[in-house]
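A quick write-up on the structure given underneath.
Each reported figure results from applying straightforward, stated rules to the coordinates on display, with no laboratory input. From a predicted model like this one, the values you see are computed outputs, not experimental measurements. Note that each Cβ is placed from the backbone with ideal geometry, even for glycine, and that neighbours are counted across all protein chains shown.
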Amino acid sequence: MIKKFEFYFDFASPYAFLAHKQIRKIENENQIKIEYKPILLGGLLKLAGIKPIADVPVKSRHMIKDCKLWAEKYNIDFKFNSYFPIITLNLMRCSLVAEKKNFLQNFTNKVFDAIWKDGLNLNDKLILEKLLKNMDINPINFLNDASHEKIKNDLKNRTDDAFKKGIFGTPSFIINNKIFWGQDRLEFVINEAKK
């Protein structure tokens, strides 16, 4: 049996998608629920003074190859999104609405798959609305809820809090007051969670 740990994520990160897929297996194998912590990667990078990978072409090209290698290793259906970078501000706000309405897990599964498995352009509002409808969510009401000032402030505060804890990228994990960064660190996270 392992202890729960925190998973800080943003849908913009293909590495967070790869971690998410591994976490679902970990949850099933250990009958636990990992604490998903939605944050805004762009805001976090700004706080940390880090340039986004999308702004560094040589890193972007390497990331595409790297993600494909990891997906093959873990047998995860993965398609690098041709619309990268996906602007996830509204999606991350929507994840907070989904959390408050108790369907964050399903919402997270569907959005991650839409971006990194199906290659959908969730920058396009019509495509996002169709995805929401397919989840039996009223897109107008849901997107209105996500635009409330309280939700906007909540996402900003969560991102600020993550930075104050020492988090500088996604995916990141916290267990036993230790931070682990990167989907390739899940093995170390699990070892720590067994203590």
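Worth pointing out:
- With contributions of -39500 (n - 2.57) from each DSSP H run of at least four residues, the per-residue ellipticity at 222 nm computed over the chain stands at -17500 deg cm²/dmol.
- Cross-link reach is defined here as a Cα-Cα straight distance under 21 Å, omitting same-chain residues fewer than 8 places apart; for Lys73 the lysines meeting it are Lys21, Lys25, Lys59, Lys65, Lys117.
- Among residues other than Ile167 with Cβ under 15 Å from its Cβ, the summed charge is +3 (Lys and Arg +1, Asp and Glu -1).
- Summed residue charge, Cβ within 9 Å of Ala146's Cβ, Lys/Arg positive, Asp/Glu negative: +1
- Relative to its residue count, the chain spans a Cα convex hull of 115 Å³ per residue.
- Listed residues Ala162, Ala54, Ala114, most fluctuating in the chain (Gaussian network, C-alpha, under 10 Å): Ala54
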